[in-house]
Amino acid sequence: MKAGLTVWVIAASMAVICAKASTDPEIVVAIRYLKAQGTSHAQLFLFRQDGTLLRQLTNENVAQVTNPRFAPDGVTIVFTRELSAKKEYWSIEPLGKNLHVLAAAPAWYDKKNDAPFFTNLEESDNSPNPNVPSEDQKEMTFSSPDGSTQLILKETDDEDDQIDGPGHGKHYELRDTSSGKVTEFQNLPGFEGVFEILHGSQDKDQHFLIQPPLRVAFFGLHLDSSDGDTTYALDLSGPRLVRLSPNWATPIPLPGEPAFLTLTEVRYVQIPDSSKTVNSSYMERWDASFHKVRYGTDAAALCYGASLYRPGLPPAVISVRNFAASE
């Protein structure tokens, strides 16, 4: 009797342990690796924060799985399963257990809880760009929240300053308010051109990401009709400009951490065993030294959303929804 009771207690204890969320940061990403023949399907992959793949959580061969999101306690992950016009909500544990369909999405799965990001989009495409000097202004100044730095965006009569393209912004200035030192952008390491300063998606007055030692502002630049746009991080501590992608990258702050995520676009990635190329997207993480971790391989792929669980930090869950995948 006592032996049987002991076995039962141990089994119950193991069940409790399995149900607990990880104490280390983990990120789940929906990745659709594209292939030359047949239909590819998005799967859920769970990574450590350092990019180590822990496990593949789904093995879908019919529908697409998109927009995973950790529960607030990190114990489960809810995602959307889409087949034609049918949409279902499913749940799975980070260890890959207890995969099942839900009657409805939980309240915390709402897209209103998606992470804010830096963008160049305005409410109206016809409105003047408030983050680039106009013909009348010729100059705009943005001050960092701590008052240590000013960015002075100047328009000149130089040919490069007349269009959004490489070479633009070389007369923009970085000013250290304590020393008064002014550096033109064209003299910064990594300068190829900048156009508009990016702003927060939820706060149009947010132009800086200050999480010491990370101190950064982001700029967009149009390249050409083939390569589209790209994104630069202005590392204020360098100072230097760091290009975040051959093409566009959307920066996503990680509150309380000297780091940020990017939803990164790379055009013309070759599909394996094929001469075809596709525009791909990936989830990446950048630290204060601008070292990059990619969650997944460099193969042709589409990111269909991601969610980061980071116990001990508010908010514990940061989620990124790929609207193109499911809206």
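Just one of the listed residues (LEU99, LEU95) is within 30 Å of THR39 (Cα to Cα) and touching a helix residue (DSSP H, G or I) at 6+ places or on another chain (Cβ under 9 Å), and it is LEU95. Scanning the range 148-187 for residues that are surrounded by fewer than 15 Cβ atoms within 10 Å (Cβ to Cβ), among the charged types (D, E, K, R) and assigned to a helix (DSSP H, G or I) returns a single hit, GLU159.
Conditions (1) within 28 Å of the chain's Cα centre (by Cα); (2) modelled with pLDDT under 85, marked per residue:
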position: PRO128; (1), (2): yes, yes
position: MET140; (1), (2): yes, no
position: SER148; (1), (2): yes, no
position: ILE152; (1), (2): yes, no
position: ASP158; (1), (2): no, no
position: PRO166; (1), (2): yes, no
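Filtering the range 279-311 to residues that are of a type in the set (Ser, Thr, Tyr), farther than 24 Å from GLU93 by Cα and surrounded by fewer than 19 Cβ atoms within 10 Å (Cβ to Cβ) leaves only SER289.
Restricting attention to the range 57-72, and to residues there that are free of Cβ contacts under 8 Å to residues at least 60 places away in the same chain and not small (Gly, Ala, Ser), which single residue is surrounded by the fewest Cβ atoms within 10 Å (Cβ to Cβ)?
Of the range 57-72, the ones free of Cβ contacts under 8 Å to residues at least 60 places away in the same chain are 57-63.
After this cut, where a residue has to be not small (Gly, Ala, Ser) as well, the list is 57-62.
Details: LEU57: 22, THR58: 21, ASN59: 10, GLU60: 15, ASN61: 10, VAL62: 8.
Here the answer is VAL62.
Take LYS87 and decide whether it is among the basic types (Lys, Arg), assigned to a strand (DSSP E or B) and surrounded by 10 or more Cβ atoms within 10 Å (Cβ to Cβ). It is true that LYS87 is among the basic types (Lys, Arg), assigned to a strand (DSSP E or B) and surrounded by 10 or more Cβ atoms within 10 Å (Cβ to Cβ). For the criterion of being over 15 Å from HIS291 (Cα atoms), surrounded by fewer than 17 Cβ atoms within 10 Å (Cβ to Cβ) and among the small types (Gly, Ala, Ser), SER237 fails.
What pairs come out if I take residues in the range 39-56 that are within 12 Å of VAL29 (Cβ to Cβ) and pair them with residues that are among the hydroxyl-bearing types (Ser, Thr, Tyr) whose C-beta lies under 6 Å away, six or more apart or interchain? From residues that are within 12 Å of VAL29 (Cβ to Cβ), the pairs are ALA42/TYR304; GLN43/THR58; LEU44/THR58; PHE47/TYR295.
The values are calculated or read from the model by the stated rules, or taken from the named source; none is laboratory data. Please read these numbers as outputs of a predicted model, since none were measured by experiment. All Cβ positions, glycine included, derive from the backbone under ideal geometry; neighbour counts span all protein chains shown.
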